[in-house]
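Everything below concerns the one structure shown next.
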Amino acid sequence: MTAAAPLNLFDYEALAQPLMHPAVWDVIVAGAADEITVAENRRAFDRLTIRPRMLVDVSAIDTATRVLGAPVAAPILIAPSGYHAVLCPEGECATAQAAGRAGIVMTAPSGSHRTIEDIAAAAIGPLWLQLYLFPERERSLAMVRRAEAAGCLAIVLTVDAPRFGRKDRSLRSENDFDWPESGNLAGLPPPTLPWFRGAPVTWADVDWLSGVTRLPILLKGILTAEDAALAAAHGVEGIVVSNHGGRQLDGVTASIDALPEVVAAAGDHCEIYLDGGVRRGTDVLKALALGARAVMIGRPVLWGLAVAGPAGVAVVLAILANELAFAMALSGRPTIADIDRTVVR
């Protein structure tokens, strides 16, 4: 008797865990301190209820939209995360291939085990680069120039890591695994080592970055109206409402709870995205209803990669997109443009 095929992202989580070394699992799923925010990211979605409309023609459902002007098949993007090469020999290149086939954007992480040039060569869809600023601007500028030359369409600047969050779970076990050497993305040792303890980023750095590249800049890690208003004033093209998957400061607001105030403060000045706890198509629907242009997913991509390489990533993305289409049909919202604030209570 063959095992049942996974039906949802939680099934992939259950399948992935026994396939990973316990230390790898701990590093990937760990949150900061007591992991309160990790759990709250999920609970906050569950507290939102959907207000479905009836007698709407939903014979055709269209999940297509645009992000920073680029067409995507669904408002689901791949968030930057490390450890791809620990789970699959092709690493981020495999993930980029799956993202392209799904018609969505992948955000390549600064701490990748593959070079941005290799990831871009493997990508068959839009590619963004997540950036941690180095203490030396020359090194940061070199990464930006490489991203531009590789054809990346945006820079996603992580702003919530002046120091890396202390994750008790992974600190207990990360030394029990022989982590692979990284590729020369930025001349860095493996992402699991403290190659970067957090170069504090200020608004002056955001202005500097805007001045050295024509690529759109998104700030990842904004959780308050005050910072959203400043981001808009500094002319960034996008904001990712994110608490780093609960991996930085424990006890902060769940991403979906922070979304409405960020959307209100940013106005029409920049596009708003969200990550943190997205596991169901209904989660995507709720985030869009509260003003997100699209959502990002991180850990579920790694689960898919662990289970079946790029094919597993493709199935994870397909499951979430299909669940979104199903939720749109049953809530009477046949297109992304039909999803508005009245969808949720």
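Every number here is computed from the coordinates shown, using simple stated rules; none is lab data. What you are looking at is a predicted structure, and each value in this text was computed from that prediction instead of being measured. Heads up, the Cβs are rebuilt from the backbone with ideal geometry, glycines too, and the neighbour counts pull from every protein chain shown.
Computed about its Cα centre, the charge dipole of the chain is approximately 380 debye, with only Lys, Arg, Asp and Glu carrying charge at their Cβ. Hydrophobic long helices, here whole DSSP H runs in the chain with Kyte-Doolittle means of at least 1.0 and Cα atoms spread over 27 Å or more along the helix axis, are found at 299-330. Can you check what the net charge comes to around SER173, using other residues whose Cβ is under 12 Å from the Cβ of SER173 (Lys, Arg +1; Asp, Glu -1)? For residues surrounding SER173, the net value is -1. Cα centroid distance between the range 238-272 and the range 286-345, in Å? What the calculation gives is 18 Å, centre to centre.
Over all distinct Cα-Cα pairs of the range 42-185, the Kirkwood formula returns a hydrodynamic radius of 17.6 Å. Hull volume per residue, based on the alpha-carbon atoms of the chain and their convex hull, is 131 Å³. Look at VAL241, VAL307 and count the other Cβ atoms within 10 Å of each Cβ; fewest to most, that gives VAL307, VAL241. Express in nm, to one decimal, how much length is gained between ALA233 and ASP207 on full extension, taking 0.36 nm for each residue of separation and deducting their alpha carbon distance. In short, 8.3 nm is gained. A Gaussian network model of the chain, with springs between Cα atoms under 10 Å, assigns the largest mean-square fluctuation among TRP208, TRP179, TRP303 to TRP208. Which whole-angstrom value gives the distance between the alpha carbon centres of the range 102-133 and the range 35-55? When both Cα centres are located, 30 Å separates them. Using the Cβ of HIS21 as centre and a radius below 10 Å, the other residues enclosed give a net charge of -3, where K and R count +1 and D and E count -1. Charge tally around CYS270: other residues with Cβ under 10 Å, Lys/Arg +1 each, Asp/Glu -1 each, net -2. Its alpha carbons give the range 206-291 an Rg and a Dmax of 12.9, 39 Å. Dipole of the chain (Lys/Arg Cβ +1, Asp/Glu Cβ -1, origin at the Cα centre): which of ILE104, LEU219, LEU290 lies farthest to the positive side? Result: LEU290, furthest along the dipole toward the positive end. One chain, two ends: ARG43 and ALA14. Fully extended at 0.36 nm per residue, the span grows by 8.5 nm beyond their Cα-Cα distance.
Please work out the FRET efficiency for the pair VAL56 and ASP178, using the Cβ-Cβ distance as r and a Förster radius of 51 Å; give the result to the nearest 0.05.
0.40
Taking the square roots of 5 times each eigenvalue of the Cα gyration tensor of the range 47-119, largest first, gives ellipsoid semi-axes of 33, 14, 11 Å.
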